[in-house]
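What follows is a set of notes on a single structure, which appears directly below.
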Amino acid sequence: MRVIASVQSKRGSSRGLIHYIAHSKIDGNKEPANGRELFNAFTEHLTVRSVNNFLKSDCGKGRPSNNDLHHLVLSFRQADYLQVGSTDEERKRRLKIVTRYAIGQLEERLQSERLAWAGAVHLNTANPHVHIAIQKQYLTRDLRSKSLNKIPREGLPHFELIEGEKQIVDGILIESAKVKLQELVGERSPSQEQTRNKRQD
């Protein structure tokens, strides 16, 4: 299993980061022409408007500034993506599970009550990937307001001194995504084996 986690530069359409995540560079052969499905920790089938309202740091309507958000991407190998399900719908659903788990582990690291975030699965490149927008303002478990000025070092690939040698480690997002991806692929293996055996009989 291979996963890449990266922080993206502050970019987006003039209509904001969420619109960019839902509508940019759509591959009409693999993705819905009217926009990708947005999802978060709780639900799927979200609209750009509902996500923008959810991710605003104040109570007003509209959309958050790109400076109010972090933009992350989790990328997967095509081979791993194909292993995780038998149809694109099932595979996308499972990438959402992986994303929710990875963000949940980041929340644990931050001791956050909950991060406000939303994402969309992109199939418009050789490597399927998930774009994620995270609101910088969040509450800790003891309900203190904090600002996530940057993704913590431990969340992303970084160097650590291990047994006297400087080595790169994956970080929380990649490690947790790989664990959940492996688990989901493992869940499918017995049924795949049974299907293969039936074909041979």
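If a residue has to be of a type in the set (S, T, N, Q) and closer than 23 Å to A116 by Cα to count, how many in region 66-89 make the cut?
3
Output the residues belonging to region 28-57 that are farther than 15 Å from W117 by Cα and open to solvent by 40 Å² or more (accessible area, probe 1.4 Å).
Once the filter is applied, which keeps residues that are farther than 15 Å from W117 by Cα and open to solvent by 40 Å² or more (accessible area, probe 1.4 Å), region 28-57 yields G28, N29, K30, P32, A33, N34.
When you scan region 138-193, how many residues do you find that are farther than 21 Å from V7 by Cα and among the charged types (D, E, K, R)?
Of the residues in that region, 10 qualify.
Results for (1) open to solvent by less than 20 Å² (accessible area, probe 1.4 Å); (2) in a strand (DSSP E or B); (3) touching a residue at least 24 places away in the same chain (Cβ under 8 Å), shown as yes or no for each residue.
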{"position": "H131", "(1), (2), (3)": "yes, yes, yes"}
{"position": "I134", "(1), (2), (3)": "yes, yes, yes"}
{"position": "L143", "(1), (2), (3)": "no, no, yes"}
{"position": "N149", "(1), (2), (3)": "no, no, no"}
{"position": "E154", "(1), (2), (3)": "no, no, yes"}
{"position": "F159", "(1), (2), (3)": "no, yes, no"}
{"position": "I168", "(1), (2), (3)": "no, yes, no"}
{"position": "I174", "(1), (2), (3)": "yes, no, yes"}
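Check whether at least one residue in region 67-78 is without any contact (Cβ under 8 Å) to a residue 24 or more places away in the chain and open to solvent by 10 Å² or more (accessible area, probe 1.4 Å), and report yes or no.
No, every residue in region 67-78 fails to be without any contact (Cβ under 8 Å) to a residue 24 or more places away in the chain and open to solvent by 10 Å² or more (accessible area, probe 1.4 Å).
For region 62-87, which positions are in contact with a strand residue (DSSP E or B) (Cβ under 9 Å, 6 or more places away or on another chain) and in a helix (DSSP H, G or I)?
Once the filter is applied, which keeps residues that are in contact with a strand residue (DSSP E or B) (Cβ under 9 Å, 6 or more places away or on another chain) and in a helix (DSSP H, G or I), region 62-87 yields N66, D68, D80.
For region 44-65, does any single residue satisfy the condition of being modelled with pLDDT under 95 and within 25 Å of V179 (Cα to Cα)?
Checked against the condition, which is being modelled with pLDDT under 95 and within 25 Å of V179 (Cα to Cα), region 44-65 yields at least one hit.
Hey, can you tell me all the residues within region 63-81 that are farther than 27 Å from N127 by Cβ and either of a type in the set (D, E) or touching a helix residue (DSSP H, G or I) at 6+ places or on another chain (Cβ under 7 Å) (or both)?
Selection gives R63, P64, D68.
The values are calculated or read from the model by the stated rules, or taken from the named source; none is laboratory data. Here the structure is a predicted model, which means the values were calculated and not measured. All Cβ positions, even for glycine, are placed from backbone atoms using ideal geometry, and neighbour counts span all protein chains on display. All accessible areas refer to the heavy atoms of the entire protein, side chains included, with ligands and DNA or RNA removed. Shrake-Rupley method; radii C 1.70, N 1.55, O 1.52, S 1.80 Å.
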